[in-house]
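The values are calculated or read from the model by the stated rules, or taken from the named source; none is laboratory data. Just so it is clear, the structure is predicted and the values come from calculations on it, not from any experiment. Ideal geometry is used to build each Cβ from the backbone, glycine not excepted, and the neighbour counts take in all protein chains shown. We work out accessible area using only protein heavy atoms, side chains counted, and drop any ligands, DNA or RNA first. Shrake-Rupley method; radii C 1.70, N 1.55, O 1.52, S 1.80 Å.
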Amino acid sequence: MKKSLFTGVCTALVTPFLNGSINFPLLERLLLRQRDAGIEAVVVGGTTGEAATLTDEEKLALFQRSSEYAGDDILIIAGTGSNVTEHAVSLSRAAQSLGADALLVVTPYYNKATPEGLYAHYSAIASHVSIPIIVYNVPSRTGVDIPVSVYQRLARLPNIAGVKEASPDITKIARIRAACPLDFAVWSGNDDMTVPVMALGGQGVISVASNVDPIRMQAMARAALDGDFDTAADLQLRLLPLMELLFCEVNPIPVKEAMALIGYDCGACRLPLTPLTDAHREALAELLT
């Protein structure tokens, strides 16, 4: 039986920038804020962390500094996905050596690998590291949806911890839970589906919204874990306006603006992502105040 990596909320952390470079002092503040809110784990260098525009050198510095700042207080999950298997293996091995506790590995994008190719990709990475791996399925970004049959095979590998499932198909969650062993964890990849996913046996959420409101996100997930779905559902509905505004434009454009509005200026997103439009900024500011 595999040990559960984390339950509840894992924050997909933004990457703060200052004058074009990673703002490491602010990164430390963001990590400590998550810790103080009771968050068990964070993803660094994921989609919300603008992995697509980070150089490998920046990613490795991000992994190392995050591990140093977090110490033993919070799990650091490094985003090491690539559409080149050899590159993903190299990043994953480096992240492990720099202190990452686990890896988040997105489905190979653009290539549109077959089910056999997807299995070969993840099994190759798993064979080169010893820390846990979370598979990240986000078909809206990658162009491919991992079939449940591939999860069944990956679940047999000792260091495949589970999946961040960011498909909008709630019935797929039920199919995963029916087909895979209980120690293959399922985490929601969509904030607005957290409680439904957990009602079907999910262990929590890898969240964008918890950058902004980690305390209420954690309370929602903890209520669901405790079986108090009345409270969990109430919190889900109260948080829904924030969740929706954080995706009014492509992530992480809105969440970076939201962080600035609450006093954590994480800098602008790197091109080709552009600043939030005035209308959406006004709506976000109104909600947050």
Can you compute the modelled spin-label distance between residue 171 and residue 287, with each label point 7 Å from Cα toward Cβ, in nm? 3.0 nm
For region 6-144, what is the accessible area per residue in Å², given a 1.4 Å probe and the full set of protein chains? 38 Å²
Computed for the chain: size of charge dipole around the Cα centre, +1 on C-beta of each Lys and Arg, -1 on C-beta of each Asp and Glu, debye to nearest 20, value 800 debye
Rounded to the nearest 0.05, FRET efficiency between residue 244 and residue 159 (Cβ-Cβ, R0 35 Å) equals 0.50
So, with points 7 Å from each Cα along the Cβ direction, the residue 182-residue 230 label distance in nm works out to 2.6 nm
Quickly rank 100-109, 56-65 as a protection proxy: mean count of other C-beta atoms within 10 Å, highest first. 100-109, 56-65
Based on the mean of other beta carbon atoms within 10 Å per residue, what is the order of 157-164, 210-217, most packed first? 210-217, 157-164
Assuming R0 = 22 Å, can you tell me the calculated FRET efficiency for the pair residue 24 and residue 97, based on Cβ-Cβ distance, to the nearest 0.05? 0.70
Among 12, 163, 122 the positive-end extreme of the charge dipole of the chain (Cβ point charges): 122
Take the alpha carbon atoms of region 149-194, find their center, do the same for region 7-68, and report the distance between the two centers in whole angstrom. 24 Å
Ignoring ligands, DNA and RNA, please state the percent of accessible area on region 43-83 from carbon and sulfur, probe 1.4 Å. 44 percent
So, in nm, how far is label residue 270 from label residue 53 when the simple model puts each one 7 Å beyond its Cα toward the Cβ? 0.8 nm
Amide H neighbours of residue 103 under 5 Å, counting only residues 5+ apart in sequence or on other chains, H built in-plane at 1.01 Å? 78, 133, 134
If I stretch the segment between residue 277 and residue 33 completely, what's the gain in nm (0.36 nm per residue apart, minus their alpha carbon distance), one decimal? 85.1 nm
Each residue of region 7-12 in turn: what ³J(HN,Hα) in whole Hz from Karplus with 6.51, -1.76, 1.60 and θ = phi - 60°, glycine and Pro shown as x? 10, x, 9, 10, 8, 7
From the phi of every residue in region 210-218, what ³J(HN,Hα) in whole Hz does the Karplus formula 6.51 cos²θ - 1.76 cosθ + 1.60 yield, where θ is phi - 60° and glycine or proline is x? 6, 4, 8, 10, x, 5, 6, 4, 5
Lysine pairs within the chain, Cα separation less than 26 Å, 8 or more sequence positions apart or different chains: 11
In whole Hz, what ³J(HN,Hα) sequence does region 55-60 give by Karplus (6.51, -1.76, 1.60; θ = phi - 60°), x for Gly and Pro? 6, 4, 5, 5, 4, 5
